[in-house]
Amino acid sequence: MSVLTQKETLSPETLEDFLPINGTDYVELYVSNSKQAAHYYKTAFGFQSWAYKGLETGEKDIESYVVIQDKIRLVLTSPLHSDTPIGRHIDKHGDGVKVIALWVDDATDAWEQTTARGAKSFMSPTVEEDQYGHVVRAGIHTYGEVIHMFVERKDYQGPFLPGYGEWKTNYNPESTGLKYVDHMVGNVELGKMNHWVKFYEDVMGFTNIITFDDKDISTEYTALMSKVMSSGNGRIKFPINEPAAGKKKSQIEEYLDFYEGAGVQHLAVATDNIIETVTTLRDRGVEFLRVPATYYETVLDRVGHIDEDLEPLRDLGILIDRDPEGYLLQIFTRPVQSRPTMFFEIIQRKGARSFGKGNFKALFEAIEREQELRGTL
Ligand code: FE2
């Protein structure tokens, strides 16, 4: 624990990062129909077929499709029988994120460092191999039933992971320009935000880079609090939300009620051209939250000059925010499964490294209008 006690005397640059993370390796969702989910992510979001594991590859109990778009890899997994841990996960939570896999150079060290600091092990370091080489994976538990899997793949040349075959198909819709996972947000139970902030600080060596309290994020009805945790090198960012007291049920409480516990609220994925990306996503059936047209009457007074024309941003419902380093463009989808739980954010950063605080009020009012329609406000 010496690293932690040295924190006050050492500048951030001289602190040793005991858990260097290269990036997000993959995100695995447990879903009730992996075959159809894969088709949805290809058709609607522009992911490409990449790898497959199932009966045809000798797998007896589960089926997983891996879809890819630039650096983003989604694994969509369903059970093949009743009464399985995956089936129970789906029964309780609906479709949702089970694994946030982190790409590291040394999975054994990552597991040893984090478990020594108090993480509960999900899987001890395990070597998996096939004709393409070997991968080492190890996992720890985080909030809810979510797992962080450490993936060491420097000695592997296969398409995804050992046990997966290539997934070849004649149906390959074009990419929509999504490039990498910008951040992934967790919703945790009332009063638990600081517990998980401390977990990411103590166990994973992350730092709290931004805090929003209920004064930043509140509407007439609902409120939430959020702290953004960042890995040492800044490549991984995990905002953690908890509900705050309001007159009506907050969107975080709605999530916790329908997910039946803490879990991943949204995946933010980056594009270099949000107007083109969102136009394509909309044409392919992805549904987005809308803010009132009045948002665009004053937005440029708030954010100043931007390179884009306002017209297409208004037409698509894309939001704009600025911080001292630049600005960002962002938009949020409606939930992507039956339950009002997980959704996607599409984000284009033009210098800004923040998360769109200036849009929170308009955005949450838009969410509340949808909650009203669902009868869950
Ligand atoms: Fe976000």
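Restricting attention to region 291-314, the residues that are surrounded by fewer than 14 Cβ atoms within 10 Å (Cβ to Cβ) and not hydrophobic (A, V, I, L, M, F, W, C) total 11. Does residue 210 qualify as being surrounded by fewer than 19 Cβ atoms within 10 Å (Cβ to Cβ) and within 16 Å of the ligand (Cβ to nearest atom)? Taking the combined requirement at face value, the residue satisfies it. Filtered by the rule that a residue be surrounded by fewer than 20 Cβ atoms within 10 Å (Cβ to Cβ) and in contact (Cβ under 8 Å) with a residue 60 or more places away in the chain, region 29-38 gives a lone residue, 32. Within the group 337, 330, which residue is closer than 22 Å to residue 178 by Cα, surrounded by fewer than 20 Cβ atoms within 10 Å (Cβ to Cβ), not basic (Lys, Arg) and not assigned by TED's automatic domain parsing to the domain that holds residue 94? After applying the criteria, what remains is 337.
The residues listed here are 221, 200; of these, the one that is modelled with pLDDT under 95 and either closer than 21 Å to residue 361 by Cα or not assigned by TED's automatic domain parsing to the domain that holds residue 117 (or both) is 221. The set of residues from region 38-88 being within 18 Å of the chain's Cα centre (by Cα), over 19 Å from residue 278 (Cβ atoms) and not in a strand (DSSP E or B) comprises 38, 71. Residues that are buried (at least 20 other Cβ atoms within 10 Å of the Cβ), of a type outside the set (Val, Ile, Thr) and out of contact with any helix residue (DSSP H, G or I) (no Cβ under 8 Å at 6 or more places or on another chain) within region 224-245 comprise 231, 237, 239, 244, listed in sequence order.
Could you please let me know if residue 376 is more than 13 Å from the ligand (Cβ to nearest atom) and either outside any helix (DSSP H, G or I) or touching an Asp or Glu at 6+ places or on another chain (Cβ under 8 Å) (or both)? It is true that residue 376 is more than 13 Å from the ligand (Cβ to nearest atom) and either outside any helix (DSSP H, G or I) or touching an Asp or Glu at 6+ places or on another chain (Cβ under 8 Å) (or both).
Please tell me if residue 168 is out of contact with any Lys or Arg (no Cβ under 6 Å at 6 or more places or on another chain), basic (Lys, Arg) and over 30 Å from residue 44 (Cβ atoms). It is false that residue 168 is out of contact with any Lys or Arg (no Cβ under 6 Å at 6 or more places or on another chain), basic (Lys, Arg) and over 30 Å from residue 44 (Cβ atoms).
Of the residues in region 43-52, at least one is among the aromatic types (Phe, Trp, Tyr) and touching a Gly at 6+ places or on another chain (Cβ under 8 Å). Scanning region 88-147 for residues that are among the hydrophobic types (A, V, I, L, M, F, W, C) and touching a helix residue (DSSP H, G or I) at 6+ places or on another chain (Cβ under 9 Å) yields 102, 104, 119, 123, 135, 136, 138, 140. Helices (runs of 4 or more DSSP H) fully within region 234-352 that include at least 2 residues being within 16 Å of the ligand (Cβ to nearest atom), among the β-branched types (Val, Ile, Thr) and within 30 Å of residue 22 (Cα to Cα): 274-283. Counting only strands (runs of 3 or more DSSP E) that sit wholly inside region 99-189, those with at least 2 residues that are among the charged types (D, E, K, R) and within 16 Å of the ligand (Cβ to nearest atom) are 178-187.
The values are calculated or read from the model by the stated rules, or taken from the named source; none is laboratory data. Note that this is a predicted model, so its numbers are computed, not measured. For neighbour counting, all protein chains shown are included, and Cβ atoms are generated from backbone atoms with ideal geometry for every residue, glycine included.
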